[in-house]
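Below you'll find the structure, written out as structure tokens, and then a few comments.
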Amino acid sequence: MSSTRLAILSPAAVGPMPLPAILGSIVQGHLEQREVWECWLQDWELPVSVSELSPVLDELARQCLAQGRELFWTPTDPGEIRLRLVLQGEASATPLRRALTALKLQGFLPARVMEAQGKVLVLEIFGPELSLPLGNHRLAEAMEGLATDAALAPFWSPEHFRLLVSDMDSTLLSIECIDELGEHLGLKRQIAAITERSMAGELDFRSSLIERTRLLAGTPASAIDAVIRDRLQLNPGARELIAAAKRHGVQTAVVSGGFTQFTRHLQESLDLDYQFANTLEIRDGKLTGTVLGDIIDAEAKANILELLAITVGVDAGRCVAIGDGANDLPMLRKAGVGIAYHAKATVRAQADFQIRHGGLDSAIAFLGW
């Protein structure tokens, strides 16, 4: 039997909309009628086709327009999929309206409210099969200019993800450690400029790391301890994200193109299961400006994720990777879910999810943790 999904979004001050009597006789019941984010959200499933409802929908659309409401409808489809719409940030009508309008253009309509607490709103939605990365990029474009992160996400089972791998600098940490080390030689601006170009994908990471490390030659090794003591700061939500992963039995790792002196501290601070990074050579209490052993670059990060997945006993598809720079891209693509955190445009364009405004704990709702 053909049926129609119908949703109405009304300003909270206007209140929910009573359905016309002709619809009241065929409504199978509310899927949802709830006030969220300064709006009333109402949803129904009607056991008649869109063509049969056409005259009623036209009149309903006219009334909604006159009353400042928004009307959405679409025919149900046996092949439709069920997803979660996650909004985090400005708990107001504008981001909710924009998100639902963008989703309607992709054939999706909301159903029940799954969570509405503070700055987090999660809705169940139904619509056609689609590429999640593409759907999320369209959603992000619709939210441009708003301090709200949005994501379309499947209903993953609690045990689906087994490994969380994160970059360190500007991801778990709010700083770039190598830039802070350069401060001791008065070279922070020079080193930071090279870092910025490398993270944007304008410079080869391996070459840029060698160049930046060479500039550190002669720095007292005590500068590392000073950076850890005085400048090391976690990004918002880092502890909460790692704690949520652990509650769900997910192994955690930091994989960095930075230095082991910092990743080891981070591993201890956050109780991470694994840490991988480059090793600075130290002689006579000073940095030599050389990296010992093989450099962990973009390709190495992706390979480490794959090896860790094997260690955990799953394939890379059941892993989550988070990063901000171009050298994180192979790792983000290799993982089942790649999350761009306050990232460069080139990284956001290729990630599954984007966190542009909130903290790392935004990933908790995206992943269903």
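Going by the structure shown, is residue 213 in contact with a strand residue (DSSP E or B) (Cβ under 7 Å, 6 or more places away or on another chain) and of a type in the set (Ser, Thr, Tyr)? Yes: the conditions hold for residue 213. Do we have residue 161 as modelled with pLDDT of 90 or more and under 30 Å from residue 261 (Cβ atoms) here? Yes: the conditions hold for residue 161. Pairs meeting the criteria (first residue in the range 266-286 and modelled with pLDDT of 95 or more, second residue buried (at least 20 other Cβ atoms within 10 Å of the Cβ) and in a loop (DSSP other than H, G, I, E, B), beta carbons under 6 Å, at least 6 apart or on different chains) are 278/296.
Of all residue pairs spaced 6 or more apart or on separate chains, those with beta-carbon atoms under 8 Å, a first member in the range 77-98 that is free of Cβ contacts under 8 Å to residues at least 60 places away in the same chain and closer than 21 Å to residue 363 by Cα and a second member that is charged (D, E, K, R) and open to solvent by 20 Å² or more (accessible area, probe 1.4 Å) are 90/119; 91/38; 91/119; 92/38.
Take residue 294 and decide whether it is open to solvent by 40 Å² or more (accessible area, probe 1.4 Å), modelled with pLDDT under 95 and over 12 Å from residue 181 (Cβ atoms).
Considered against the rule, which asks whether it is open to solvent by 40 Å² or more (accessible area, probe 1.4 Å), modelled with pLDDT under 95 and over 12 Å from residue 181 (Cβ atoms), residue 294 comes out as yes.
Among residues of the range 324-336 that are on the phi < 0 side of the Ramachandran plot and free of Cβ contacts under 8 Å to residues at least 12 places away in the same chain, none has a Cβ under 9 angstrom from a residue that is open to solvent by 10 Å² or more (accessible area, probe 1.4 Å) and of a type in the set (S, T, N, Q) at a sequence gap of 6+ or on a separate chain. The residue that is nearest to the chain's Cα centre (by Cα), counting only those in the range 77-131 that are of a type in the set (A, V, I, L, M) and open to solvent by 20 Å² or more (accessible area, probe 1.4 Å), is 120.
Please work out which residue is farthest from residue 353 (Cα to Cα), limiting yourself to the range 35-73 and to residues that are out of contact with any Cys (no Cβ under 9 Å at 6 or more places or on another chain), open to solvent by 20 Å² or more (accessible area, probe 1.4 Å) and part of a strand (DSSP E or B). That would be 45. Condition check for residue 327 on (1) at pLDDT 95 or above; (2) outside any strand (DSSP E or B): one failure, at (1).
The condition (being β-branched (Val, Ile, Thr), closer than 23 Å to residue 299 by Cα and within 23 Å of the chain's Cα centre (by Cα)) is satisfied by just one residue among 279, 263: 263. Name every residue in the range 206-247 that is open to solvent by 50 Å² or more (accessible area, probe 1.4 Å), at pLDDT 95 or above and not in a helix (DSSP H, G or I), in order of residue number. Result: 233, 236.
Among the residues making up the range 328-363, a single one is among the hydrophobic types (A, V, I, L, M, F, W, C), touching a strand residue (DSSP E or B) at 6+ places or on another chain (Cβ under 9 Å) and open to solvent by 20 Å² or more (accessible area, probe 1.4 Å): 349. Taking the range 157-205 as the range and being closer than 19 Å to residue 238 by Cβ, among the aliphatic types (A, V, I, L, M) and part of a helix (DSSP H, G or I) as the test, the residues that pass are 168, 172, 199. When the criteria are applied in full, residue 14 meets the requirement of being β-branched (Val, Ile, Thr), out of contact with any helix residue (DSSP H, G or I) (no Cβ under 7 Å at 6 or more places or on another chain) and either under 29 Å from residue 92 (Cβ atoms) or at pLDDT 85 or above (or both). Against the test of being over 19 Å from residue 131 (Cα atoms), touching a Lys or Arg at 6+ places or on another chain (Cβ under 8 Å) and surrounded by 23 or more Cβ atoms within 10 Å (Cβ to Cβ), the options 325, 313 yield a single qualifying residue, 325. Somewhere in the range 328-339, is a residue farther than 24 Å from residue 227 by Cβ and among the β-branched types (Val, Ile, Thr)? Checked against the condition, which is being farther than 24 Å from residue 227 by Cβ and among the β-branched types (Val, Ile, Thr), the range 328-339 yields at least one hit. Here residue 140 meets each of (1) aliphatic (A, V, I, L, M); (2) closer than 20 Å to residue 360 by Cβ; (3) in contact with a Ser or Thr (Cβ under 9 Å, 6 or more places away or on another chain); (4) in a helix (DSSP H, G or I) with one exception, condition (3).
The values are calculated or read from the model by the stated rules, or taken from the named source; none is laboratory data. This one's a predicted model, so the numbers in the text were calculated from it and none came from an experiment. When we count neighbours, we look across all protein chains shown, and the Cβ atoms used for this are built from the backbone with ideal geometry, even at glycine. Ligands, DNA and RNA are excluded from the accessible area calculation, which covers all protein heavy atoms including side chains. Shrake-Rupley method; radii C 1.70, N 1.55, O 1.52, S 1.80 Å.
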